[in-house]
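*Asks:* Let me give you the structure first, and then I'll get to my questions.
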Amino acid sequence: MTSTATPRVDRAPFGTMPDGMAVERVTLRGADGFEASVITYGAALQSLAARDRAGRSEDVVFGHDDLDSYLAARRFFGATIGRYANRIARARCMLDGTELRLDANNGANMLHGGHDGFDRKLWRIVDLAAGPVPALVLSYASADGEGGFPGRLDVRAIYRVSGPAELTIAFEATTDRSTIVNLTNHSFFNLDGARSGTDILGHSLQIAADRYLAVDDGAIPLPGPPRPVEGTPFDFRQPEIIGARIRDDHEQLRRGRGYDHNFCLATDGGVRPAARLVSPRSGRVLELLTDQPGLQFYSGNFLDGSAAGKGGRLVRQSDALCLEPHRWPDTPNRPDFPSARLDPGQTYRHQTVYRFSTV
């Protein structure tokens with residue numbers, strides 16, 4: 001990755017879909033080597049370059065170097081997830097007295113929108129902006145009934161280099177029928193670099209949450225209120241090394257093979273700090289701010305070496321982690337959880353900021 005004197009936007013081909021449709025890669029370049037590349041397939045963050053404490057700029061998100069690898073298997077690297085991020089139990093829920101029968105793709109449950117979610121769609125570029133705040137706007141129209149969800153959903157994913165070393169991702173959506181919406185970005189981070197060959201167990205993590213959702217063997221939240229993190233391996237209110245407690249004999253760690261849980265954030269509205277990730281090795285710091293009520297922390301437990309990432313390196317357990325801001329899992333079946341309902345005339349909004357620095 002090389003630095004550039006002034007912010008700009010570059011647009012280039014990234015391959016061709018099986019039906020002949022072109023996929024593009026748009027790179028938003030900041031003023032000092034910070035840059036983000038987004039592909040139109042899955043509206044996915046394909047690379048994100050940030051400087052380490054020595055001033056070296058490296059890509060810190062996992063993904064692939066070519067489109068064929070994205071098409072070969074579904075791994076959610078950097079993708080926009082919808083219509084419903086995370087899981088819905090039994091792939092069913094009630095809406096206005098009608099049972100919605102959704103697309104089950106995770107055992108009996110729906111995960112990340114079913115078999116053919118937003119991460120597998122070709123999005124359209126509707127706007128590019130250069131200047132001091134390079135930005136990209138992508139759109140996708142989800143048809144009425146797609147994945148089992150009612151209503152046509154018109155979605156926009158907006159990527160902006162909003163600061164010297166800061167990327168903002170925003171989602172907006174409108175519908176013509178009452179429906180359920182829950183979007184997120186599914187980037188896999190390693191602050192040592194995507195090609196470093198190190199894992200994330202030595203990273204330090206802090207999460208602004210005093211409660212989390214315990215889950216059953218299918219990763220569906222258990223009945224009852226969120227559980228306190230205090231006295232458990234899920235207490236990240238102060239910075240903790242991720243690997244320090246990941247192998248503790250705790251039922252929830254056994255069920256997730258590590259961390260794969262929703263942390264319940266403050267719901268006072270507005271964009272607010274949610275997590276802080278630090279690599280002692282590279283000195284990179286990632287601060288995540290969001291307006292969402294939940295943050296799914298996934299420690300890469302099911303990465304099994306069956307796929308090669310960038311540079312041909314096999315991606316193995318705990319090589320990367322995800323911090324996914326969104327509504328809580330299974331919210332449509334849980335009236336006690338923050339709602340994921342969207343009605344005509346309303347606009348779904350989601351904003352997350354990824355702010356980088358060094359120590």
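*Asks:* Could you pull out the residue among ALA129, ALA141, ALA209, ALA170 that is under 24 Å from LEU48 (Cα atoms) and out of contact with any His (no Cβ under 9 Å at 6 or more places or on another chain)? Working first, answer last.
*Replies:* On the way: ALA141 fails: under 24 Å from LEU48 (Cα atoms); ALA209 fails: under 24 Å from LEU48 (Cα atoms); ALA170 fails: out of contact with any His (no Cβ under 9 Å at 6 or more places or on another chain).
Criteria check complete, one pass: ALA129.
*Asks:* Just a yes or no: is a residue in region 8-15 crowded, with 19+ Cβ neighbours inside 10 Å, under 22 Å from GLU166 (Cβ atoms) and β-branched (Val, Ile, Thr)?
*Replies:* no
*Asks:* Are any residues in region 116-151 under 18 Å from the mean Cα position of the chain (by Cα) and either acidic (Asp, Glu) or surrounded by fewer than 14 Cβ atoms within 10 Å (Cβ to Cβ) (or both), and if so, which ones? Quick ask: steps written out before the conclusion?
*Replies:* Filtering region 116-151 down to residues under 18 Å from the mean Cα position of the chain (by Cα) leaves 116-123, 136-140.
Listed by number, the residues that qualify are ASP116, ASP119.
*Asks:* Restricting to region 299-319, what's the tally of residues that are within 25 Å of PHE34 (Cβ to Cβ) and part of a strand (DSSP E or B)?
*Replies:* 1
*Asks:* Return a yes/no flag: does region 157-174 have any residue that is more than 20 Å from ASP291 (Cα to Cα), touching a residue at least 60 places away in the same chain (Cβ under 8 Å) and assigned to a strand (DSSP E or B).
*Replies:* No, region 157-174 contains no residue that is more than 20 Å from ASP291 (Cα to Cα), touching a residue at least 60 places away in the same chain (Cβ under 8 Å) and assigned to a strand (DSSP E or B).
*Asks:* Quick check: anything in region 168-183 in contact with an Asp or Glu (Cβ under 9 Å, 6 or more places away or on another chain), among the polar types (S, T, N, Q) and surrounded by fewer than 20 Cβ atoms within 10 Å (Cβ to Cβ)?
*Replies:* The answer is yes, given that some residue of region 168-183 is in contact with an Asp or Glu (Cβ under 9 Å, 6 or more places away or on another chain), among the polar types (S, T, N, Q) and surrounded by fewer than 20 Cβ atoms within 10 Å (Cβ to Cβ).
*Asks:* Would you pick out the residues in region 256-290 that are part of a loop (DSSP other than H, G, I, E, B), surrounded by 15 or more Cβ atoms within 10 Å (Cβ to Cβ) and either of a type in the set (Phe, Trp, Tyr) or touching a Pro at 6+ places or on another chain (Cβ under 8 Å) (or both)?
*Replies:* TYR259, LEU265, listed by residue number.
*Asks:* Name the single residue, out of those in region 320-359 being in a loop (DSSP other than H, G, I, E, B) and within 16 Å of the chain's Cα centre (by Cα), that is nearest to SER69 (Cα to Cα).
*Replies:* Only one residue fits best here, namely ALA320.
*Asks:* Do the conditions hold for VAL161, that is, is it among the aliphatic types (A, V, I, L, M), under 21 Å from the mean Cα position of the chain (by Cα) and farther than 14 Å from THR40 by Cα?
*Replies:* Against the criterion (among the aliphatic types (A, V, I, L, M), under 21 Å from the mean Cα position of the chain (by Cα) and farther than 14 Å from THR40 by Cα), VAL161 qualifies.
*Asks:* Filter region 215-245 for residues that are surrounded by fewer than 19 Cβ atoms within 10 Å (Cβ to Cβ) and touching a helix residue (DSSP H, G or I) at 6+ places or on another chain (Cβ under 9 Å); which is nearest to CYS264 (Cα to Cα)?
*Replies:* ARG227
*Asks:* Taking the condition of being surrounded by fewer than 23 Cβ atoms within 10 Å (Cβ to Cβ) and not hydroxyl-bearing (Ser, Thr, Tyr), how many residues in region 27-50 meet it?
*Replies:* Number of matching residues: 3.
*Asks:* Can you work out which of the residues in region 301-359 that are under 15 Å from ASP291 (Cβ atoms) and either without any contact (Cβ under 8 Å) to a residue 24 or more places away in the chain or among the charged types (D, E, K, R) (or both) is surrounded by the most Cβ atoms within 10 Å (Cβ to Cβ)?
*Replies:* ARG327
*Asks:* Of the conditions (1) within 21 Å of the chain's Cα centre (by Cα); (2) surrounded by 19 or more Cβ atoms within 10 Å (Cβ to Cβ), ASP154 fails just one. Which one is it?
*Replies:* (2)
*Asks:* Quick one: how many residues across region 55-114 are part of a strand (DSSP E or B) and either surrounded by 15 or more Cβ atoms within 10 Å (Cβ to Cβ) or among the β-branched types (Val, Ile, Thr) (or both)?
*Replies:* So the count comes out to 19.
*Asks:* Quickly run through region 211-243 and pick out the residues that are more than 20 Å from PRO335 (Cβ to Cβ), in a strand (DSSP E or B) and without any contact (Cβ under 8 Å) to a residue 24 or more places away in the chain.
*Replies:* Listed by number, the list holds a single entry, PRO228.
*Asks:* Being in contact with a Pro (Cβ under 7 Å, 6 or more places away or on another chain), among the β-branched types (Val, Ile, Thr) and assigned to a strand (DSSP E or B), is that true of even one residue in region 27-34?
*Replies:* no
*Asks:* Further question: Look at ASP248 and say whether it is surrounded by 14 or more Cβ atoms within 10 Å (Cβ to Cβ) and not in a strand (DSSP E or B).
*Replies:* no
Just so you know, all these numbers are worked out from the coordinates, no wet-lab data involved. Only a predicted model underlies this, so the values are computations on that prediction, with no experimental measurement involved. Ideal geometry is used to build each Cβ from the backbone, glycine not excepted, and the neighbour counts take in all protein chains shown.
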